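I'd like to ask some things about the structure below.
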Amino acid sequence: MKEVAEAKAEHERLVRLKRTVSLTLEDMREYHHEWYLILWHKYVMDEHWKALCKVAARNGIALTDEEYRLARKKALHQFDKWAVGLD
């Protein structure tokens, strides 16, 4: 019985985390689309960062390595600010 209670508690925690992450990504998709694309393709789709430079292209021009790193840093910072409730 203890294992069942622990599993239920863990399931509830994971459901809350999933909801927080999903809502935060939805907001980013609406307000910071480039950053959303970077986070989605990097951390959800597990794509190589070089491919992301093309996915997040600006005016049809792929991001440079430096532009990508800066955009990812800003995206992670914004995600951290908006994802209230993550452990």
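Given the C-alpha centroids of region 53-87 and region 22-49, what is the distance between them in whole angstrom?
Between the Cα centres of region 53-87 and region 22-49 lies a distance of 8 Å.
Please list 3J(HN,Hα) in residue order for region 79-86, calculated via the Karplus relation 6.51 cos²θ - 1.76 cosθ + 1.60 where θ = phi - 60°; whole Hz, with x for glycine and proline.
4, 4, 5, 8, 7, 5, x, 6
Which entries of Lys18/Lys50; Lys8/Lys74; Lys8/Lys73 have Cα-Cα distances beyond 30 Å here?
Lys8/Lys74; Lys8/Lys73
Using helices alone, I'd like the mean residue ellipticity at 222 nm for the chain: each DSSP H run of four-plus residues gives -39500 (n - 2.57), total over residue count, nearest 500.
For the chain, the value works out to -23500 deg cm²/dmol.
Excluding ligands and nucleic acids, what accessible area in Å² is computed for Met45 using a 1.4 Å probe, to the nearest 10?
Surface open to solvent at Met45 totals about 100 Å².
What distance in nm separates the simple spin-label points at Glu66 and Glu3, each placed 7 Å from Cα in the Cβ direction?
In this crude label model, Glu66 to Glu3 measures out at 5.6 nm.
Taking 0.36 nm per residue of sequence separation and subtracting the Cα-Cα distance, how much length would be gained by fully extending the chain between Asp80 and Val44, in nm to one decimal?
11.4 nm
Over the alpha-carbon set of the chain, work out the extent along each principal axis and list the three values in angstrom, largest first.
Reported extents, whole Å, longest axis first: 57, 23, 17.
If I model a spin label at Glu12 and Glu26 as a point 7 Å from the Cα along the Cα→Cβ vector, what separation in nanometres do I get?
2.3 nm
OK, next. Count the net charge of all other residues whose Cβ sits under 12 Å from the Cβ of Ile61, scoring Lys and Arg as +1 and Asp and Glu as -1.
Here the charged neighbours net out to +1.
The values are calculated or read from the model by the stated rules, or taken from the named source; none is laboratory data. Quick caveat: nothing in here was measured; it's all calculated off a predicted structure. As a convention, Cβ positions derive from the backbone with ideal geometry for all residues, glycine included, and neighbour counts pool all protein chains shown. Please note that ligands, DNA and RNA were not included when accessible areas were found on the heavy atoms of the full protein model with its side chains. Shrake-Rupley method; radii C 1.70, N 1.55, O 1.52, S 1.80 Å.
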